[in-house]
1. When you scan the stretch 4-24, do you find a residue that is open to solvent by less than 60 Å² (accessible area, probe 1.4 Å) and modelled with pLDDT of 65 or more, even just one?
2. Within the stretch 60-82, is even one residue at pLDDT 90 or above and touching a helix residue (DSSP H, G or I) at 6+ places or on another chain (Cβ under 7 Å)?
3. Report whether or not ALA124 is in a helix (DSSP H, G or I) and open to solvent by less than 70 Å² (accessible area, probe 1.4 Å).
4. Go through the stretch 67-108 and count every residue that is small (Gly, Ala, Ser) and not in a loop (DSSP other than H, G, I, E, B).
5. Do any strands (runs of 3 or more DSSP E) lying entirely in the stretch 145-216 carry at least 3 residues that are at pLDDT 85 or above and within 31 Å of the chain's Cα centre (by Cα), and which ones are they?
6. Write out, first by first residue and then by second, each pair whose Cβ atoms fall under 7 Å of each other, whose residues are 6+ apart or on separate chains, and whose first residue, in the stretch 64-90, is open to solvent by less than 50 Å² (accessible area, probe 1.4 Å) while the second is assigned to a loop (DSSP other than H, G, I, E, B) and among the hydroxyl-bearing types (Ser, Thr, Tyr).
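The values are calculated or read from the model by the stated rules, or taken from the named source; none is laboratory data. Quantities reported herein were computed from a predicted structural model and do not represent experimental measurements. Cβ coordinates were reconstructed from backbone atoms using ideal geometry, including for glycine residues, and neighbour counts include every protein chain displayed. Accessible surface is based on the protein model in full, side chains and every heavy atom, while ligands, DNA and RNA are left aside. Shrake-Rupley method; radii C 1.70, N 1.55, O 1.52, S 1.80 Å.
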Amino acid sequence: MTPAGGGAVARLPRWGLRLLRRHRRLLAVLALAAAAGTATRAATAAPPAGVPVVVADADLAAGTALTDADLRVVDLPPAAVPDGVVDEPAGSTLAAPVRAGEPVTDVRVRGRGVLAGAPPGTVATTVLLPEPLTADLLEPGDAIDLLAPGPVELGGSEAARVVATGAVVLDVRLPEGDLLGTGDQAALALVAVRPEQARAVAGAQAAGPLSVVLLP
């Protein structure tokens with residue numbers, strides 16, 4: 001039957017309506033199941049990739065000089081990564097205590113300054129240079145040997161002894177004043193050496209300034 005106006009209106013036959021009414025509960029259950037499946041898939045979606053962060057491997061006290069043994073890398077969710085995390089804290093000194101598993105941030109470590117150029121596992125010590133000319137020849141990054149006067153040999157000459165080898169120059173200064181007490185100007189060099197070499201340098205300097213050998 002065509003209504004007035006000539007437009008055809010699609011209608012379900014009576015048997016179709018009866019079938020729809022009879023199974024409407026089943027259709028509702030199927031719709032709910034489909035919605036639940038969609039929600040489950042959304043809930044089980046892969047979480048965002050973790051971010052590698054350096055954390056303390058154990059409780060560490062303020063003043064600890066960090067080494068690789070004190071640290072480990074863990075993956076944290078992006079939302080859990082604090083601001084100011086330090087990518088390579090080894091070689092820095094803690095300015096505050098850090099708990100095991102706590103990310104190492106910039107507020108937990110002291111600024112390294114000139115120590116940023118120190119090789120891992122080294123410490124910095126000062127070396128008194130008796131001649132300003134020697135300081136003029138040195139630049140940060142240079143590798144040097146430090147020599148001290150040795151025992152007097154036959155003939156009255158002194159044999160130099162090496163107190164530190166492969167030291168790395170971090171900084172060189174020409175301070176004002178008479179550092180030697182002789183009226184002559186002297187210079188100071190800050191060098192990176194192994195801890196046992198630092199003790200040898202300190203002991204040797206008690207007897208006087210050290211000589212420098214510039215390495216290639």
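1. no
2. For the stretch 60-82, residues at pLDDT 90 or above and touching a helix residue (DSSP H, G or I) at 6+ places or on another chain (Cβ under 7 Å): present.
3. Details: in a helix (DSSP H, G or I): no; open to solvent by less than 70 Å² (accessible area, probe 1.4 Å): yes.
Taking the combined requirement at face value, the residue does not satisfy it.
4. Step one: list which residues in the stretch 67-108 are small (Gly, Ala, Ser), which gives 69, 79-80, 84, 90-92, 95-96, 100-101.
Still in the list and also not in a loop (DSSP other than H, G, I, E, B): 69, 79-80.
Result for the stretch 67-108: 3.
5. Details: elements: 158-173, 187-193, 211-214.
In the stretch 145-216, 158-173, 187-193 are the strands (runs of 3 or more DSSP E) which contain 3 or more residues that are at pLDDT 85 or above and within 31 Å of the chain's Cα centre (by Cα).
6. LEU66/SER92; ASP70/THR64; ALA90/THR67
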